[in-house]
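A.B. asks: Below you'll find the structure I mean.
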Amino acid sequence: MKSTKEKFWLSDKTFPILVALACAAMVGGTHMYIKYGTGALNEIFVIQLLDQGLQTGDYAAAAGFAFGFLLARILEGPLVGLLDVGGSLMTGVGIGIPAVLLSAGYGKTLNSFALSLIIGGAIGIVIGYIIIGIRKLMPENVSAAGTGIMMGAGNATGRFLGPLIILSAVQYNVPAGLGSIIGAALFYKIDKPIAGGAILGSMAFAGLGLLI
């Protein structure tokens, strides 16, 4: 029997709120990237599409690719029982929606961090209710209960981030580079993604370097 907390977190009413919070973070991160050059919550090649638009003023590639991902994942969510955070929220909302706003001439709305959070939250609420609505409209004999679970399906390109992080750390300074190599090696040894080890190792050794 489910506890009160489990019922709350897995309820249809809570789901749009969780999606709204996640989407607010995604658009907020993109605001940080546009304004300060860091903070975007996405993969490198997707951010490059946004970069191209910021440099040339043509956001067609970013908007088309990322917004297409968003639509596909919204329709897919109730069918496969998963809301792919990477494809739908990080790519679709984090890059696609801002690219659409920029291309339509509403880019100034992303200059405010608070407004970016509000826009992301509003989009998340709509997405959450769309997914719940699709779930309700599905035939009863088709399983769709998994839409109460938010989960990132992952991407094969993630395995290549480790070496890129190590190279970036080495370019920053020697302690960070050494730490990233050690961290990546340890995570590889325990069969964990080396990207996480490289990040933690570089942060730890870079911090020690600042103290010495």
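The values are calculated or read from the model by the stated rules, or taken from the named source; none is laboratory data. For clarity, every value in this text was computed on a predicted model and none was experimentally measured. With ligands, DNA and RNA removed, areas are computed over all heavy atoms of the protein, side chains included. Shrake-Rupley method; radii C 1.70, N 1.55, O 1.52, S 1.80 Å.
A.B. asks: Where does each of S11, S103 land when they are ordered by accessible area, with a 1.4 Å probe and the largest first?
C.D. replies: On the way: S11 35, S103 75 Å².
Accessible-area ranking of S11, S103, largest first: S103, S11.
A.B. asks: Find how much the distance from Y36 to N111 grows on full extension, using 0.36 nm per residue of separation minus their present alpha carbon separation; answer in nm with one decimal. All intermediate terms of the calculation are to be shown ahead of the outcome.
C.D. replies: Details: separation 75, 0.36 × 75 = 27.00 nm, distance 1.06 nm.
Taking Y36 through N111 to full extension adds about 25.9 nm, to one decimal.
A.B. asks: Let me ask something else about it. Accessible area of L164, 1.4 Å probe, to the nearest 10 Å²?
C.D. replies: Surface accessible to solvent at L164 totals approximately 80 Å².
A.B. asks: What does the extension gain come out to for L10 and D58, with contour length at 0.36 nm per residue minus their alpha carbon separation?
C.D. replies: On the way: separation 48, 0.36 × 48 = 17.28 nm, distance 4.07 nm.
Between L10 and D58, full extension yields an extra 13.2 nm.
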